[in-house]
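What follows is a set of notes on a single structure, which appears directly below.
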Amino acid sequence: MCFFCSLTNPLEEKSIISGLKARNKQTVEYVYDHYSGALFAVICRIIPDKDIAEEVFHDAFIKITRRIDSYDETKGRLYTWMANVCRNAAIDKTRSKEFSEYRKTNTIDDYVYGLESQSGTSEMVDGIGVKELVEHLNEEQKFIVDCIYFKGYTHTEVSEEFDIPLGTVKSRIRAAINVLKRKADKI
């Protein structure tokens, strides 16, 4: 009889952690079955290309299983740690040379429409009017919003990567947020 079949409740976090540390195949399968969707979504928020996101997820999941000993339960829950591993892997991928061409040619519309087709959120995005709101921004503001909120850059990274003064990045994002607030309040 399977170890997990004997449990009536979902695995408790401590059982999952000890199973992962013991390199238990059933525990790894359990974690994959129950957490892969949410973890993949973390990556897809940063990397809209499904093929690249799947590659990053594969690498991140292997890292989770191999580096479980570095998890410190006093610093947070297991899922949070796994989500951070995935998020960091996605951000690292966006900083790679391999990804730079994709990043240069990807527009905010490509991102929004690509995300819709992958996740089926087209109706939700249309329902809250995100596309329409972003259209009210000027090109500089759209670019900054795209980098920071859709691609996961920090203000400093945008400044350094695109040779824009840090104060200008912060001013543009502040102006963009004000425009979006004003437009959202009118809806």
**Message:** Just checking: which of the helices (runs of 4 or more DSSP H) contained wholly in region 139-187 hold 1 or more residues that are of a type in the set (A, V, I, L, M) and out of contact with any helix residue (DSSP H, G or I) (no Cβ under 7 Å at 6 or more places or on another chain)?
**Reply:** 166-186
**Message:** Tell me yes or no: at least one residue of region 85-101 is assigned to a loop (DSSP other than H, G, I, E, B) and either farther than 30 Å from GLU132 by Cα or at pLDDT 85 or above (or both).
**Reply:** yes
**Message:** I want to confirm something. Restricting to region 48-84 and keeping residues that are in contact with a Gly (Cβ under 9 Å, 6 or more places away or on another chain) and part of a loop (DSSP other than H, G, I, E, B), which single residue is surrounded by the fewest Cβ atoms within 10 Å (Cβ to Cβ)?
**Reply:** ASP49
**Complete:** Restricting attention to region 21-39, the residues that are under 20 Å from TYR149 (Cα atoms) and crowded, with 18+ Cβ neighbours inside 10 Å number exactly 1
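The values are calculated or read from the model by the stated rules, or taken from the named source; none is laboratory data. Nothing here was measured: the structure is a model prediction, and the numbers come from that model. Positions of Cβ are generated from backbone atoms using ideal geometry, with glycine treated the same way; all protein chains shown enter the neighbour counts.
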